[in-house]
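I have placed the structure first, in the form of structure tokens, so that the comments after it can refer back to it.
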Amino acid sequence: MQDMKEMKPLLEAIMKSAKRIKVAIDVKDIGYSQQENSSGETQLQLDIQCDMIIEEELSHVPSVHTLASEEKEDAMAVHADGKYLIGFDPLDGSSLVDVNLSVGSIFGIYTNDFEAKSMLASCYVVYGPRVELVFAFEGQVRLYLLQGGEFEYVKEIKLNEKGKLNAPGGTQQNWEPYHKAMVDGLFQEGYRLRYSGGMVPDLHQILLKGGGLFSYPATSDKPEGKLRQVFEVFPFAMIFEYAGGGAIDGKNRVLEQSPRHVHDTSPCFFGSNYEINRVKEVYANV
Ligand code: AHG
Ligand code: MN
Ligand code: MN
């Protein structure tokens, strides 16, 4: 049993990284680097800088065994006698920084390996007009706000059974017809479109407004979806399940998946129960 005492140094290191990343974002030049990450995306200097900040802060924590980042091909060994493996996306939605939309950092805290069932806690930070942090552990989802230089606890996050927001990801042209019909069906029921292109603020909005659906399906150009299991999908899946909603790949819980590689992706749907059940009904027959 892991208690909060063991999680505290990890959470504090994440909080320290978040404060430094906020400072790094608030600069004029966020220019492109010459490098690509493991998913073939051109990295921003800012992606690399945020990766370094998190690596530095988490390496100081003696209980950290391994770090795996969206921005690095291979996992990195840190303390041989450490017990936690951290998978993180240093700056999710980084291509939105130049247009001043919200971005985030995502963390999954694992033991033994990077399988979903080995995840003990997860966390994300939203850098928006305000900096907020959400931490899921032992069945609870806690919201913190950065105020006067410190993260202050605000409240526990709980989803309603049904929401009003619909955040459909991926290129529509490449959606399967049944997926398009499902998305259209929700709009016909009165759902409102909320999609910024950053999964952190998009999912944060659904969590704080009580519910809805975020989808990033399998598409003809991306049959395995776009979002990465270890750094993006699993951490948010734990948060949605603990908040009383669900996270599935269409048919099954994403928290039952075993990635073959740390950079593997999966189609994913996050939402409150009503919308997740709708996805299951539609995807049951395909
Ligand atoms: P990243 O910036 O780490 O590569 O991730 C961006 C992700 C995610 O935040 C967002 O939901 C999704 O990409 C948007 O993709 P589409 O533009 O294809 O909808
Ligand atoms: Mn990302
Ligand atoms: Mn990223």
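The values are calculated or read from the model by the stated rules, or taken from the named source; none is laboratory data. Fair warning: this is a prediction, and the values are worked out from it, not measured in the lab. FYI the Cβ positions are ideal-geometry reconstructions off the backbone, even for glycines, and counts take in every protein chain you see.
Summary table below
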| quantity | calculated |
| --- | --- |
| Failed item, numbered, when Asp26 is tested on (1) more than 15 Å from ligand 2 (Cβ to nearest atom); (2) surrounded by 14 or more Cβ atoms within 10 Å (Cβ to Cβ); (3) under 17 Å from Val126 (Cβ atoms) | (2) |
| Filter pass, Leu213 being surrounded by fewer than 16 Cβ atoms within 10 Å (Cβ to Cβ), within 16 Å of ligand 1 (Cβ to nearest atom), among the hydrophobic types (A, V, I, L, M, F, W, C) and closer than 21 Å to Val279 by Cβ | no |
| Matching residues in the range 98-113 - criterion: being outside any strand (DSSP E or B) and in contact with a Phe, Trp or Tyr (Cβ under 9 Å, 6 or more places away or on another chain) | Ser102 |
| Pairs where the first residue, in the range 83-100, is under 22 Å from Val262 (Cα atoms) and near ligand 1 (Cβ under 8 Å from one of its atoms) and the second is charged (D, E, K, R) and not in a helix (DSSP H, G or I), C-beta under 6 Å, 6+ apart | Asp89/Glu70 |
| Sole residue being over 21 Å from Ser272 (Cβ atoms) and of a type in the set (Val, Ile, Thr), chosen from Val131, Val141, Val154 | Val131 |
| The range 225-250 - residue that is free of Cβ contacts under 8 Å to residues at least 40 places away in the same chain and among the acidic types (Asp, Glu) and, of those, surrounded by the fewest Cβ atoms within 10 Å (Cβ to Cβ) | Glu241 |
| Unmet criterion (only one of (1) acidic (Asp, Glu); (2) away from ligand 3 (no atom under 16 Å from the Cβ); (3) assigned by TED's automatic domain parsing to the domain that holds Arg228) for Asp202 | (2) |
| Pick from the range 84-95, criterion modelled with pLDDT of 95 or more and either among the small types (Gly, Ala, Ser) or surrounded by fewer than 17 Cβ atoms within 10 Å (Cβ to Cβ) (or both), ranking: farthest from ligand 3 (Cβ to nearest atom) | Gly87 |
